[in-house]
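A short worksheet on the structure shown next.
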Amino acid sequence: MKTIITYGTFDLFHVGHVNLLQRAKALGDRLIVGVSTDEFNLNEKGKTTIVPFEHRVTVLQSCRHVDLVVPEQSWRQKVDDIQKYQVDIFVMGDDWSGKFDDLKTFSEVVYLPRTKNISSTALKQAMAVLSQLHQELN
Ligand code: CTP
């Protein structure tokens, strides 16, 4: 039984997220996803989300690649989670390359290639452009 863990905000759930989760799950048997809470996003990552935490959790729970969803509330919890859930592989997209290498003492660390040309930020920007266009036309 190989356990994988990954973390993220997963706002406006998109195909880049699905690809990451699918590839992460394919590395083992059980995939745990740590979802950043709204407070953690705001206070630590400087991000505001469109979709609230509870809804992001529900969406991830309904994804067939995901076995368990837990809240991500601090940067420090990763070591605790790895030990608590007996994690074998810690996975992140390669935008985080090298950033979590210190976890190699506790588990294998894998950075997977990101899906090109899609992100929550890009979707938010597209929504803002459409909304501005709509205002200009009305
Ligand atoms: N991810 C990915 N490919 C993408 C977008 C995200 O593989 N095109 C991965 C990230 O590398 C991370 C996980 O999905 O491991 C969750 O990323 P998250 O930050 O929630 O998604 P982004 O779309 O990158 O969000 P933002 O634009 O707010 O940074």
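The values are calculated or read from the model by the stated rules, or taken from the named source; none is laboratory data. No experiment lies behind these values; they were computed from the predicted model shown. Here the Cβ is made from the backbone with ideal geometry for all residues, glycine too, and neighbour counts use every protein chain on show.
Using beta carbons and a limit of 8 Å, which pairs, at least six apart or on different chains, have the first residue in the range 121-138 and touching a residue at least 24 places away in the same chain (Cβ under 8 Å) and the second one loosely packed, with under 11 Cβ neighbours inside 10 Å and acidic (D, E)?
none
Do we find a residue being over 13 Å from the mean Cα position of the chain (by Cα) and over 27 Å from L123 (Cβ atoms) anywhere in the range 59-76?
yes
Taking Q22 and the conditions (1) at pLDDT 95 or above; (2) over 25 Å from M127 (Cβ atoms); (3) assigned to a loop (DSSP other than H, G, I, E, B), which numbered condition does it fall short on, given that it satisfies the others?
(3)
Here is a check on your reading of the model: is K45 at pLDDT below 95 and either within 14 Å of the ligand (Cβ to nearest atom) or not hydroxyl-bearing (S, T, Y) (or both)?
So K45 passes the test.
Residue check, K116 against (1) modelled with pLDDT of 95 or more; (2) outside any loop (DSSP other than H, G, I, E, B), all met but one. Which one?
Of everything listed in (1) modelled with pLDDT of 95 or more; (2) outside any loop (DSSP other than H, G, I, E, B), K116 misses just condition (2).
Among the residues of the range 46-67, how many are surrounded by 13 or more Cβ atoms within 10 Å (Cβ to Cβ) and not acidic (D, E)?
13
I need every pair where a residue in the range 97-111 that is without any contact (Cβ under 8 Å) to a residue 40 or more places away in the chain has its Cβ under 7 Å from the Cβ of a residue that is surrounded by fewer than 16 Cβ atoms within 10 Å (Cβ to Cβ) and of a type in the set (S, T, Y), sequence separation at least 6 or different chains.
If the second residue must be surrounded by fewer than 16 Cβ atoms within 10 Å (Cβ to Cβ) and of a type in the set (S, T, Y), the pairs left are Y111/S97.
Considering only residues that are within 11 Å of the ligand (Cβ to nearest atom), touching a strand residue (DSSP E or B) at 6+ places or on another chain (Cβ under 9 Å) and of a type outside the set (A, V, I, L, M), which ones fall in the range 100-118?
F100, Y111, P113, R114, T115
Considering V129, V66, which residue is among the β-branched types (V, I, T) and part of a helix (DSSP H, G or I)?
V129
Here is a list of conditions, (1) at pLDDT below 95; (2) crowded, with 16+ Cβ neighbours inside 10 Å; (3) of a type in the set (S, T, N, Q), and S131 meets all of them except one; can you say which number that is?
(2)
I'd like the full set of residues that are surrounded by 16 or more Cβ atoms within 10 Å (Cβ to Cβ) and more than 8 Å from the ligand (Cβ to nearest atom), limited to the range 1-17.
Hits for the range 1-17 are T3, I4, I5, F13.
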